[in-house]
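Here the structure is laid out as structure tokens; the discussion comes afterwards.
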Amino acid sequence: MRIFKKILPCAAGICLFLAINTLLCFLIIPYQFTRVKVHHIEEDEIQDLILGSSHGASALDPSALTAETGRSCYNGAAGGQYACDNYYLLKDARRNHNTERVIYEYDPSYWLRHDSMNANARYLQSVMEWSPVSLAYFRDLCLGADLRYALMPWFLYDIKTQEMSGRAELKLSDSYRTYGTALFTDSVQAFEEDGMIAIADSSNGSREIPVLSYGPETEKTEREQWKQFERLLEYCERNGIDLVVVTTPVPESTYLVNESFYRESHDKMSKLADQHHFSFLDYASSSLAEGCEGRDFLWEESSFSDAEGHMRVTPAKAFSALFAKHLTGLSVS
Amino acid sequence: MPFTSLAFLILTAVCTIVYYCIPSSCRRVWLLLISCLYYMAGGPLLILYLLFAAVTTYVGGRYASRGYKAAVVIPLVLDFGVLAFLKYTPLVVSLLNSLRIWSIPVPRFVIPLGISFYTFQAVGYLLDVYWKRCEEEKNFGHYLLFVGFFPQLMQGPIGRYAVLSKELAGTNTFSGEAVRRGLIRISYGFFKKMVIADNAALYVNCIFDQYQSLKCLGFQGVLMYSIQLYMDFSGGIDIACGIAEMMGIHLSENFRQPYFAQSLTDFWHRWHITLGTWMKDYLFYPISLSSWMSRFRKTSRKLFGKELGRAVPVGAANLIVFFAVGVWHGPELHFLAYGLYHGLIIAVSGMLTGPFRRMKKRFGITDQSVPFQAFRMARTFVLVNISWFLDRSGSIRQALVMFKDSFSGKLFSLTVISPGNPHYCLTRFIPIAAGCIIVLVISILKERKKDVLKAAASLPSAVLIAGIIAVFLLTAFFGVRDGGGFIYANF
């Protein structure tokens, strides 16, 4: 009884903390399309799963791929997702379904970035179903991280009191419960049922060309990304999953400014592809891509919403159709 | 594994629970196991440095107790040699390269976590044994725990064997009071670090990194740095002491309201106390009592008379000590300048003690006079802040330029960290201001000898738990993403 009396305030304190924390997560963390993607990945039978970053999300149209290959396909790529996140997403998909092929969108510029408190990854983990996979993901993501990142993920977002009631209303709505996507469609982009982020042809982002290079810091970051990618590769090999790596087109001007960078990253991935016998299709530049004759428009500035290389919807669909053709030419075990 | 990580939180919780559940005879082994685990989390091989320092001083201690001088000298050379090699080789190579005779690639070593702290602690033990201030430790495991006890590994406090070894004996029984005190100190430490220091760092980094364009904001930058450094370092120490306290282990205090100091000497009795006392016991006194200093004292008396002649050798010893403090801080010239600045002022003020005393007598000023105390406090605060220019800047030149430019215009800008977003700036500034007021009130109470910790620990459990939860929520509400690690963990 005495021990119970001592433990009771602590237990009550922990419960109080959990309650407040849950409420704050509910009010502060916005509803993101990642939740919908994870839901589809966990629930649907997907033969070809697209993984990668925002370039992949906007440039690869699963319906174009399905039309050509006849295989079910879903685009699970999203901004802020790195190789580590993709690895766990694939494992999560494989918990209930038999994903046969992974189309991994490799954006070499992404691999130079280091985000020690990646809000996207934390959200992705939090919307996964409780399972050994999501627990392992939590361990990888949070164990060495700041305890606020791990325990109070709302800390990563701006606290806007005026938005809280709307957010609460949304999260209590049927649309949220049924994983509705209408919310994510506006004049700039549309979230399609197959996971593609269709960026409007009229949208315009930053035209400032990023300067990409390998330096001591970025090389360290990139090494970590390669390590994570190799983990994904090993998982695919172990489970008999076909892996196709694709680099989507970037504006010609961006490519020319960073030509040596793109060449170097192309060589690195090609070498790994040769070693591990997976396919690597690099469309970063028309000079790297084979079988794209007559489609120079894909690398024109007008095909992209920004200088980084996020494709607009019309060229993206054209590119996806072309990619799907190349994909059917690859052997599938 | 930083103090602010989830892994550390889990490690601490598991360590404390198991500590009280196992027989007291096993507790040292348990703490040693956890300490090794903690140290190896940063890189398994880094523990070799810790083992090296422990083995050399342990073996040295066995012979030093029998009066062998070589048993002290050899470990000292080896341990300080490793420290100097890791920390100063890049500086030496850069200096050699600057002669333009050679072009040697500058090596970059991974500095083992807390190497300065545990090296000083281990060397302190060795000298204590040699000088018969404590008994030698025969059990290597016990000694290794003393050197590598995990909460104090990263940034101290630098413990003394005679005190800490008894604390680590593991004979204490479970005490709810100790756990409460520990939890309060840990929460207070997190509050200081995550709410105040990390927000202040936004201003500090912005102003110091862009000092050429933000010319006149030097005073604001250095004032914010004085807040950041104190909250960061003392916050880390609070966490370390709090963790130990939960297990009934009392670590030495490292801070005693340093910004209430009346002089720079007093400041060093209140700031980084364990380093200050280490320097006093193992450097200042040996220098002061050495034969060459004795000869210097005699010469000085002949040259400068009784009063000044006594102050000059003490001043010289202080200069050497603070030079060492500068060297300890890092392999850059601005750290040396920082140490010498303190040493020089303390030396000069020591020499002027007599004239000052006479002047005070003449004007009827007593040390107990409140306005005079306030003046001295303000004067010391200004002097300390000037030294922070040298501590925080990347070079002596930057420190001088920033100090000079500070007089040339606007003194304060709330929006300097994000000029287009005043709301954001306000949300960063409010926690600094409010946090400083809270810490100030607590500091005043402590200065008046009120046991704030005891009073807080005696609060009803419900209030205490609610308070701890509130602090943790505050660290997230006002927290800064990528706030960075603890400043003194880099030493």
- Residues being without any contact (Cβ under 8 Å) to a residue 60 or more places away in the chain and crowded, with 16+ Cβ neighbours inside 10 Å: count how many of those fall in segment B:123-156. 3
- Message: Could you tell me how many of the residues in segment B:266-291 are closer than 22 Å to residue B:123 by Cβ and out of contact with any helix residue (DSSP H, G or I) (no Cβ under 8 Å at 6 or more places or on another chain)?
- Response: 7
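Name the residue that is nearest to residue B:199 (Cα to Cα), counting only residues in segment B:222-251 that are of a type outside the set (Val, Ile, Thr) and either in a loop (DSSP other than H, G, I, E, B) or assigned by TED's automatic domain parsing to the domain that holds residue B:20 (or both).
Here the residue is B:251.
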- Query: In segment A:189-197, is there at least one residue being within 30 Å of residue A:273 (Cα to Cα) and without any contact (Cβ under 8 Å) to a residue 24 or more places away in the chain?
  - Reply: no
- Task: Exactly one condition in (1) surrounded by fewer than 16 Cβ atoms within 10 Å (Cβ to Cβ); (2) part of a helix (DSSP H, G or I); (3) modelled with pLDDT under 90; (4) not β-branched (Val, Ile, Thr) is not met by residue B:300; state its number.
- Result: (1)
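Looking at B:394, B:343, can you tell me which residue is assigned to a loop (DSSP other than H, G, I, E, B) and either buried (at least 17 other Cβ atoms within 10 Å of the Cβ) or in contact (Cβ under 8 Å) with a residue 12 or more places away in the chain (or both)? It would help to see each step written out before you state the result.
Values: B:343 fails: assigned to a loop (DSSP other than H, G, I, E, B).
So the residue among B:394, B:343 that is assigned to a loop (DSSP other than H, G, I, E, B) and either buried (at least 17 other Cβ atoms within 10 Å of the Cβ) or in contact (Cβ under 8 Å) with a residue 12 or more places away in the chain (or both) is B:394.
Which of the residues spanning segment B:172-221 are assigned to a helix (DSSP H, G or I) and of a type in the set (Ser, Thr, Tyr)?
Let us first name the residues in segment B:172-221 that are assigned to a helix (DSSP H, G or I), namely B:176-209, B:215-221.
Answer for segment B:172-221, where residues must be assigned to a helix (DSSP H, G or I) and of a type in the set (Ser, Thr, Tyr): B:187, B:188, B:203.
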- Can you name the residue in segment B:441-491 that is of a type in the set (Lys, Arg) and surrounded by 14 or more Cβ atoms within 10 Å (Cβ to Cβ) and is also nearest to the other protein chains (Cβ to nearest Cβ) among such residues? B:481
- Answer yes or no as to whether residue B:431 is under 24 Å from residue B:226 (Cβ atoms) and within 14 Å of chain A (Cβ to nearest Cβ). yes
- Item | Considering residues of segment A:217-265 that are small (Gly, Ala, Ser) and at pLDDT below 90 only, the residue nearest to residue A:88 (Cα to Cα) | A:265
- Query: Does any residue in segment B:1-16 that is facing chain A (nearest Cβ under 7 Å) come within less than 9 Å, Cβ to Cβ, of a residue that is of a type in the set (S, T, N, Q) and in a helix (DSSP H, G or I) six or more places away or on a different chain, and which pairs are these?
  - Reply: B:4/B:475
- Message: Given (1) more than 30 Å from residue B:334 (Cα to Cα); (2) touching a residue at least 60 places away in the same chain (Cβ under 8 Å), identify the lone condition not met by residue B:66.
- Response: (2)
- Task: Being within 22 Å of the chain's Cα centre (by Cα) and in a loop (DSSP other than H, G, I, E, B) is the filter here, so list the residues in segment B:128-150 that pass it.
- Result: B:149
- Message: Conditions first: (1) of a type in the set (Gly, Ala, Ser); (2) at pLDDT 90 or above; (3) exposed (fewer than 15 other Cβ atoms within 10 Å of the Cβ). Residue A:150 passes all but one, so which condition is the exception?
- Response: (3)
- Sort through A:173, A:116 and tell me the only one that's free of Cβ contacts under 8 Å to residues at least 60 places away in the same chain, under 17 Å from residue A:228 (Cα atoms), of a type in the set (Ser, Thr, Tyr) and surrounded by fewer than 17 Cβ atoms within 10 Å (Cβ to Cβ). A:116
- Message: Can you report the number of residues in segment A:140-150 which are facing another protein chain (nearest Cβ under 7 Å), among the hydrophobic types (A, V, I, L, M, F, W, C) and either in contact with a Phe, Trp or Tyr (Cβ under 9 Å, 6 or more places away or on another chain) or in contact (Cβ under 8 Å) with a residue 60 or more places away in the chain (or both)?
- Response: 3
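Given the residues A:187, A:206, A:165, which is the only one that is among the polar types (S, T, N, Q), assigned to a helix (DSSP H, G or I) and either away from chain B (no Cβ under 14 Å) or under 20 Å from the mean Cα position of the chain (by Cα) (or both)? Show your work before the answer.
Values: A:187 fails: assigned to a helix (DSSP H, G or I); A:206 fails: assigned to a helix (DSSP H, G or I).
Exactly one residue qualifies, and that residue is A:165.
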- Note on the structure: When every residue in segment B:21-40 that is within 14 Å of chain A (Cβ to nearest Cβ) and surrounded by fewer than 17 Cβ atoms within 10 Å (Cβ to Cβ) is compared, the one farthest from the chain's Cα centre (by Cα) is B:21
- Task: Filter segment B:262-277 for residues that are crowded, with 22+ Cβ neighbours inside 10 Å and under 16 Å from residue B:439 (Cα atoms) and give the result.
- Result: B:271
- Task: Return yes when residue B:245 is among the charged types (D, E, K, R), under 22 Å from residue B:172 (Cβ atoms) and surrounded by fewer than 24 Cβ atoms within 10 Å (Cβ to Cβ) and no when it is not.
- Result: no
- Do the conditions hold for residue B:330, that is, is it crowded, with 16+ Cβ neighbours inside 10 Å and at positive phi? yes
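The values are calculated or read from the model by the stated rules, or taken from the named source; none is laboratory data. From a predicted model like this one, the values you see are computed outputs, not experimental measurements. With ideal geometry, Cβ positions are generated from the backbone for all residues, glycine too; neighbour counts draw on all protein chains shown.
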